[in-house]
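Colleague: I have a structure I would like to understand better, so I am pasting it below and will then ask my questions one at a time.
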Amino acid sequence: MSSLPNCPKCSSEYTYEDGVLLVCPVCAHEWAAESEINSLEDEKVIKDFNGNVLNDGDTVSVIKDLKVKGSSSVIKIGTKVKNIRLVDGDHDIDCKINGFGAMKLKSEFVKKV
Ligand SMILES: [Zn+2]
């Protein structure tokens, strides 16, 4: 754990691992740690609740109330999420939600708009 790379965006050395991702707490940049992830990304298809294939930049809406980890906030059903970014991991959608900031969602809890 002592050899994590610096953040490629802001060069912060305070990076940490979050599953298969590396996360920079300084600028909130996240990126894949392993080169093998890249080959996975090419083949991985992420689908929404209805089985529609999701792509980077899609707009989705939340299909159920989602509790926000570490807070008492809830993302309400029907919340629109613009410009999603697909990532690897348990929560496979990276996005920003108005009023909440950067979030990670599970594709099974959203549908394409
Ligand atoms: Zn950074």
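The values are calculated or read from the model by the stated rules, or taken from the named source; none is laboratory data. Predicted model, so just to flag it, every value in this text is computed and none were measured. Note that we place each Cβ from the backbone using ideal geometry, even for glycine, and neighbour counts take in every protein chain shown. Areas reflect the complete protein model, heavy atoms only, side chains present, ligands, DNA and RNA absent. Shrake-Rupley method; radii C 1.70, N 1.55, O 1.52, S 1.80 Å.
Colleague: Give the residues of segment 47-77 that are in contact with a Leu (Cβ under 9 Å, 6 or more places away or on another chain), of a type outside the set (Lys, Arg) and without any contact (Cβ under 8 Å) to a residue 24 or more places away in the chain, sorted by residue number.
Modeller: Selection gives Val74, Ile77.
Colleague: Step by step: first the residues of segment 64-103, then only those that are touching a strand residue (DSSP E or B) at 6+ places or on another chain (Cβ under 6 Å) and of a type in the set (Lys, Arg), then the one that is farthest from Lys44 (Cα to Cα). Which residue is that?
Modeller: Within segment 64-103, the match that is farthest from Lys44 (Cα to Cα) is Lys67.
Colleague: Six or more apart or on different chains, Cβ under 6 Å: which pairs go from a residue in segment 21-34 that's open to solvent by less than 30 Å² (accessible area, probe 1.4 Å) to one that's modelled with pLDDT of 90 or more? Could you list them?
Modeller: Leu21/Glu30; Leu22/Thr15; Leu22/Trp31; Val23/Tyr16; Val23/Glu30; Cys24/Cys7; Cys24/Ser12; Cys24/Thr15
Colleague: Only one of (1) modelled with pLDDT of 90 or more; (2) open to solvent by 80 Å² or more (accessible area, probe 1.4 Å); (3) of a type in the set (Lys, Arg) fails for Lys69. Which number is that?
Modeller: Result: Lys69 passes all but (1).
Colleague: In addition: Filtering segment 88-104 down to residues that are at pLDDT 95 or above and not charged (D, E, K, R), which residue is farthest from the chain's Cα centre (by Cα)?
Modeller: Cys95
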